Amino acid sequence: MTTADLLGKILQVVMGLVVFAAIVGLLIFFIDKAPKKGRDYWQLVGFLAPALILVSVGLIYPAIRTSILAFQTNAGDFTFDNFVWAFTQPAAIRTLINTVIWVLLVPTFATAVGLAYAVFIDRSRGEKFYKAILFMPIAISFVGASVIWKFVYEYRSGDREQIGLLNAIVVAFGGEPVQWLQTDPINTILLIVVMIWVQTGFAMVVLSAAIKGIATEQLEAAQLDGTNGWQRFTNVIVPGIRGSLVVVLTTISIATLKVFDIVRTMTAGNFNTSIVANEMYTQAFRASEIGRGSALALILFVMVLPIVIYNVNVLRKQREIR
Amino acid sequence: MSIAPPDLPVGKNRGALDATADAEASGYVEPKTIRVKKRLTSRTATIASIIIALLWTIPTFGLFISSFRPAELIRTTGWWTIFTNPGFTLENYQDVLLSTSSSSPQLGSYIVNSIAIALLATIIPLVFASMAAYAFAWMRFRGVGVLFVVIFALQIIPLQMALVPLLQIFSTVLRPMQAWLHDVVPIIPEQNYLPLWVAHSIFGLPLAIFLLHNFISEIPADVIEAARVDGATHGQIFFRIVLPLSVPAIASFAIFQFIWVWNDLLVALIFSGGTQDVAPLTQRLAELTGTRGQDWQLLTAAAFISIIIPLIVFFSLQRYFVRGLLAGSTKG
């Protein structure tokens, strides 16, 4: 990087900030000096317009357009072929199956381990430190996490010393080293492990806060009734945090359906590890199969739709209570 | 992507939650809690939590150790043999950061790109979202409920749904602007940050509006009405009252958005063009993993550089970050 490059970049950021500040300043000026007639209306427009315009142009319109593209050939004719492809080609079917495996395993394990850990360390000495350790991967990019785990799964052939932790353990126990990321179906599971590693901290933090919300009296009462730890866990703690459990499960499910970086960086979808989110990118931006890519994006949307509806319902109920 | 919660509200635990957080903050735990706690902890639980903690730290720790080992040693021995095969070097970092030879990763410009992208991609959605959140919370108009639910639902449209058409829009609208900018100010490359700023701002908006609305709508109505009676305009109320009061919420979302943008790969791959002028660190790292997958001395050092800034942000502002997470998942 030359000094000129650096200057150009700094200049860009400064110009970006100045232009943005000018836009906001103008907007506020118009809001305050809006004509007396219909003033409320103009003020409302001023406050809402930037967000609404961006969201309509960048999310609503594209989502509709993608839905249409999914039913078109590259020439623009109407067709179902993209969906036929997605549900009949062995490679595409495998992608769908993998996605289902991901969305079944990741939320379950991340939530279970996060919950167990949250219960174990609850009010123990050094709780904050314990929490920080498990929570740390949240701040690490999926790409960074992929490099970390690729190193764990690294394979050396023959009698050479293993430098990947997993194969070193296998060899230490007298086994043969395995090419983990190229061996189907274990490779999909090992990619899932990375996602679980990232998401468990999130589950743990939310559930830990929920556990602290349970009244101490309740736990004490259960204790006086002579319950053991497991009974208190299933009869007092779990019902007490049911709401948060649902939050965590749905959040991680959505994140898992959309995850792209892990597969992209670790195997690029080879060796039967692809999932819908990655295949969508490969089809639309690598193979220029816009229709197929769009069909996959639409399938992804249909998969998250039940969660969307559930969430909207809960939100509506909340607002009615207010 | 990983950390954007859909914010399913659970109002029930809220009071208790805040109370615990306060108690924690002041370092005060009621005696009764300690009594119950003693009976709940067992040796098995302690051992289990230590094992989990180790499992979660070892992979990162191994990467960290390796990034300081000479290339030859990384290639032939495991990092856990560090004591029998000692060796320490800063060469890997020197190589990935400072070397100008065309075969080295030259991370310097990518770091600058990541910072430049994350900076504006955090500020823009925050400002627009807080304005929209104020309107939703304090300006009365018909259809507010429906519009707000629409925004809420937008969070869950997968990014993938928006990419193809958005790229088409960008190539017809933003590309001429970028070319024009390059003509007027030649020092700014034709491939510039504009598409990434816009894309990240758009994708961050729904969550930002939702979280900030939750906070802003809970400012006491008296405060806002008193200002109205005194003749303050909406602009004045927004800048003088609402923004200063919302600093905690804004801070927690800012950390979210920053880390999210910093860690993003998908948006970068599609909108950056992949050159040194624009592409962020994650994109370069992904590229290295693909083409230089065997050069562990480069990969480990590069990976560690890419995670160090979000980790610093995360650990120094952890309290806000956690609060933001909980606001998203447990507040109505």
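The values are calculated or read from the model by the stated rules, or taken from the named source; none is laboratory data. What you see is a predicted model; the values in this text were computed from it and never measured. Cβ: placed from backbone, ideal geometry, glycine included. Neighbour counts: every protein chain shown. SASA here: full protein model, heavy atoms, side chains in, ligands and nucleic acids out. Shrake-Rupley method; radii C 1.70, N 1.55, O 1.52, S 1.80 Å.
Numbers at a glance
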| read-out | value |
| --- | --- |
| Unmet requirement for B:Phe141, which otherwise passes all of (1) part of a helix (DSSP H, G or I); (2) facing chain A (nearest Cβ under 9 Å) | (1) |
| Some residue of segment A:26-49 being of a type in the set (Ser, Thr, Tyr) and more than 9 Å from chain B (Cβ to nearest Cβ) | no |
| Residue within segment B:134-142 that is open to solvent by 30 Å² or more (accessible area, probe 1.4 Å) and farther than 27 Å from A:Ile309 by Cα present | no |
| Members of segment A:50-93 that are more than 9 Å from every other protein chain (Cβ to nearest Cβ), of a type outside the set (A, V, I, L, M) and under 17 Å from B:Pro125 (Cβ atoms) | A:Ser56 |
| Breaking point among (1) more than 10 Å from chain A (Cβ to nearest Cβ); (2) assigned to a helix (DSSP H, G or I), for B:Gly274 | (2) |
| Checking B:Ala268 against (1) within 17 Å of the chain's Cα centre (by Cα); (2) open to solvent by 40 Å² or more (accessible area, probe 1.4 Å), the condition it does not meet | (2) |
| Residue under evaluation B:Pro165, criteria (1) open to solvent by 10 Å² or more (accessible area, probe 1.4 Å); (2) in contact with a Pro (Cβ under 6 Å, 6 or more places away or on another chain); (3) facing another protein chain (nearest Cβ under 7 Å); (4) modelled with pLDDT of 90 or more, criterion not met | (1) |
| Checklist (1) facing chain B (nearest Cβ under 8 Å); (2) closer than 26 Å to A:Val276 by Cβ applied to A:Gln179, failing item | (1) |
| Single unsatisfied condition, B:Ser103 versus (1) open to solvent by 40 Å² or more (accessible area, probe 1.4 Å); (2) in a helix (DSSP H, G or I) | (2) |
| Number of the exception - A:Val113 against (1) free of Cβ contacts under 8 Å to residues at least 40 places away in the same chain; (2) facing chain B (nearest Cβ under 8 Å); (3) surrounded by 17 or more Cβ atoms within 10 Å (Cβ to Cβ) | (1) |
| Options A:Thr250, A:Thr256: the member that is at the interface with chain B (Cβ under 8 Å from one of its Cβ atoms), farther than 17 Å from B:Thr289 by Cα, hydroxyl-bearing (Ser, Thr, Tyr) and in contact with a Pro (Cβ under 9 Å, 6 or more places away or on another chain) | A:Thr250 |
| Scan of segment A:120-143 for residues that are among the hydrophobic types (A, V, I, L, M, F, W, C) and either in contact with a His (Cβ under 7 Å, 6 or more places away or on another chain) or not in a helix (DSSP H, G or I) (or both), ordered by number | A:Ile140 |
| Any hit, segment B:274-285, residues being under 15 Å from A:Phe151 (Cβ atoms), at pLDDT 90 or above and of a type in the set (A, V, I, L, M) | yes |
| Matching residues in segment B:277-304 - criterion: being in a helix (DSSP H, G or I), more than 10 Å from chain A (Cβ to nearest Cβ) and in contact with a Leu (Cβ under 7 Å, 6 or more places away or on another chain) | B:Leu298 |
| Residue within segment A:100-108 that is open to solvent by 10 Å² or more (accessible area, probe 1.4 Å), part of a helix (DSSP H, G or I), among the polar types (S, T, N, Q) and within 30 Å of A:Tyr130 (Cα to Cα) present | yes |
| Tally of residues being free of Cβ contacts under 8 Å to residues at least 40 places away in the same chain and within 16 Å of A:Asp261 (Cβ to Cβ) across segment A:149-179 | 0 |
| Close pairs (6 angstrom Cβ cut-off, 6 or more residues apart or separate chains): more than 7 Å from chain B (Cβ to nearest Cβ) in segment A:1-14, assigned to a helix (DSSP H, G or I) anywhere | none |
| Those residues of segment A:1-50 which are closer than 30 Å to B:Pro280 by Cβ and of a type in the set (Val, Ile, Thr), in sequence order | A:Thr2, A:Thr3, A:Ile10, A:Val13, A:Val14, A:Val18, A:Val19, A:Ile23, A:Val24 |
| Lone unmet requirement of (1) under 20 Å from B:Pro59 (Cβ atoms); (2) modelled with pLDDT under 95 for A:Gly158 | (1) |
| Restricting segment A:94-110 to residues that are among the polar types (S, T, N, Q) and farther than 20 Å from B:Ile51 by Cβ, the residue that is farthest from the other protein chains (Cβ to nearest Cβ) | A:Asn98 |
| Residue in segment B:69-86 that is among the hydroxyl-bearing types (Ser, Thr, Tyr), within 12 Å of chain A (Cβ to nearest Cβ) and either under 30 Å from B:Ala254 (Cα atoms) or touching a residue at least 40 places away in the same chain (Cβ under 8 Å) (or both) present | no |
| Residue selected from segment A:30-54 under the condition modelled with pLDDT of 85 or more and small (Gly, Ala, Ser), by the criterion most open to solvent (accessible area, probe 1.4 Å) | A:Ala49 |
| Residue list for segment A:87-99, filter: β-branched (Val, Ile, Thr) and surrounded by fewer than 18 Cβ atoms within 10 Å (Cβ to Cβ) | A:Thr88, A:Ile93, A:Ile97 |
